[in-house]
Amino acid sequence: MKRVELGKTGIEVSRLGIGTGTGTAHPSGYCAQALMDKDELAKLLLYALDRGINLWDTAFQYNTYPHIKKALKQVSRKDVVLATKLTTANEKETIRDFNITLKDLNTDYIDVCLLHGVRTDAELQMRSGAINAMVKLQKEGRIRAVGISSHGLSALKSILEMPEMDLVWARINYAGLNMDTGCLSMYDQMASVYWLKKCVKLLPERVKSFIRPKTNLQPPIPEDVHKEVTNMLQNIHSQSKGIVGMKVLAEGVLRNDAEKAVKYVNSLPFIDSFIIGMLNKKEIDENCRIINTASRELEGIEK
Ligand SMILES: NC(=O)c1ccc[n+]([C@@H]2O[C@H](COP(=O)([O-])OP(=O)(O)OC[C@H]3O[C@@H](n4cnc5c(N)ncnc54)[C@H](OP(=O)(O)O)[C@@H]3O)[C@@H](O)[C@H]2O)c1
């Protein structure tokens, strides 16, 4: 598996990374990987590493720290690039959650620390205390790179004006499903306001699923917005910031078109690496095959 540098961070990652927060559609509210047995997911992460996949993506919210901790115990820490995300807004909460993260994962540093699911530029400003704390932790050598996972076009745009941001996790797929847009759903509008987000969590499941339709029930973003997202990512990348794609298969909605979905993101020159939620060895093997074949074809053309 080909390795690339994430922007100018000096961090080398595989083209393909493995996600551990696939969907939260289960009635329990847990993502698919959190529902896996700790040993089973740990073994899958080690299998992925054996196949050259060194980028492991998680978040405070995914409940997969126990699984990752188990896998990390069996490898040399430097062989894995660990990316995690925090939902915090202020400095105090960020330091608290970051320290819990280190303890839960049994590590003394995080490679990539992201502000989780930022929807608007206003939200980004409101969470500036969290960014300041992450930058401080970076200066102390406890974080190697700082960024956001973007859930809205205005948040994505703001990155261009933020030199402290080393990289971005951005949603991208050929179908335009569940990608960043300026038109936020009712759920995203509420969740972009910090205190309202806490209230949303308390709503009954039926109400939540009404205001936050599942990916397969959402219309794709219009073509011009898709173009705007790709142009934006190109601009961000031209500032030497790293870009990691996510939602490549639109949370599995594109599973019957996996080859097309993986090939599309793999062909984008401004995407350094991309994470896919993979739940078994077959999916890892298949995605590696698609990427490695595409790389060989490209090398053939270049020769
Ligand atoms: N949860 C969130 O809200 C969130 C938000 C942002 C980022 N993330 C991160 O981004 C990662 C990627 O997002 P995601 O996992 O939600 O969506 P995704 O990567 O677009 O889709 C994952 C799904 O794709 C299917 N799949 C993968 N490879 C396949 C193949 N070769 N053939 C057929 N199907 C295949 C699997 O579905 P089945 O096995 O079910 O068929 C898997 O559950 C997450 O795991 C997480 O680390 C999560």
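The values are calculated or read from the model by the stated rules, or taken from the named source; none is laboratory data. All of these numbers come straight from a predicted model, not from anything done at the bench. Because the Cβ atoms are built from the backbone with ideal geometry, glycine has one as well, and the counts that use them run over all protein chains shown. These accessible areas exclude ligands, DNA and RNA; they are computed on the full protein's heavy atoms, side chains included. Shrake-Rupley method; radii C 1.70, N 1.55, O 1.52, S 1.80 Å.
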5 Å is the cut-off here: which amide hydrogens, built 1.01 Å from N in the peptide plane, fall below it relative to residue 20, excluding neighbours closer than 5 in sequence?
57
Any chance you could run the full-extension gain for residue 289 through residue 78? It's 0.36 nm times the residue separation minus the Cα-Cα distance, nm to one decimal.
73.4 nm
Could you give the accessible area per residue of segment 3-302, probe 1.4 Å, as a whole number in Å²?
46 Å²
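Could you pull out the pairs from 8/85; 70/92; 85/157 whose alpha carbons sit more than 22 Å apart here? Mind showing how you got there, number by number?
Numbers: 8/85 20 Å; 70/92 28 Å; 85/157 19 Å.
Exceeds cut-off: 70/92.
Kindly give Rg over Rh for segment 1-75, based on alpha-carbon atoms, with the Kirkwood expression for the hydrodynamic radius. Can you show the working numbers first?
On the way: Rg = 13.1 Å, Rh = 13.0 Å.
Using Cα coordinates only, the ratio equals 1.01.
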Accessible area of residue 285 in the full protein assembly, 1.4 Å probe (Å², nearest 10)
50 Å²
The chain - Rg over Rh from alpha carbon coordinates, Kirkwood radius:
0.93
Virtual spin-label span in nm between residue 37 and residue 202, 7 Å along Cα→Cβ
3.9 nm
Mind giving me the nanometre distance, one decimal, between the label points for residue 102 and residue 223, set 7 Å out from Cα along Cα→Cβ?
5.1 nm
Might you work out the accessible area of residue 286 for me, using a 1.4 Å probe with all protein chains in place, and round it to the nearest 10 Å²?
70 Å²
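Normalised by the residues of the chain, what does the relative contact order come to in percent, with Cα pairs under 8 Å and at least six apart? It would help to have the intermediate numbers written out before the result.
On the way: 549 pairs, mean separation 60.2, N = 303.
For the chain, the relative contact order is 20 percent.
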List the aspartates and glutamates whose Cα lies under 14 Å from the Cα of residue 227, skipping any in the same chain that are fewer than 8 positions away.
180
Can you send over the solvent-accessible area of residue 161, 1.4 Å probe, protein chains only, in Å² to the nearest 10?
150 Å²
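Which value in deg cm²/dmol, rounded to the nearest 500, describes the helix-derived mean residue ellipticity at 222 nm for the chain, given -39,500 (n - 2.57) per DSSP H run of n ≥ 4 and division by the residue count? Kindly include the intermediate steps, with their values, before the conclusion.
Working: 12 runs with 128 residues, N = 303.
Per the formula, -12500 deg cm²/dmol.
Counting Lys and Arg as +1 and Asp and Glu as -1, each charge on the Cβ, what is the dipole of segment 3-302 about the Cα centre in debye, to the nearest 20? Before the final figure, lay out each step's value.
Details: 40 positive and 36 negative charges, 165 e Å.
That gives a dipole near 800 debye.
Can you list which of the DSSP-assigned H helices in the chain have a Cα extent of 24 Å or more along the long axis and an average Kyte-Doolittle score of at least -1.0? Can you show the working numbers first?
Working: long enough: 281-302 (31 Å, -0.94).
Helix filter hits for the chain: 281-302.
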Could you calculate the contour length gain from residue 230 to residue 46, that is, 0.36 nm times the residue separation minus the distance between their Cα atoms, to one decimal place in nm?
63.0 nm
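What do you reckon, how do 64, 22 stack up by accessible area (1.4 Å probe), largest on top? Before the final figure, lay out each step's value.
Working: 64 0, 22 40 Å².
My answer, sorted largest first, is 22, 64.
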Using only the heavy atoms of the protein chains and a 1.4 Å probe, how would 253, 13 rank by accessible area, largest first?
253, 13
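May I ask you to give the percent of accessible area on segment 3-302 that is carbon plus sulfur, with a probe radius of 1.4 Å?
Values: 7180 of 13790 Å².
The C+S portion of the solvent-accessible surface of segment 3-302 is 52 percent.
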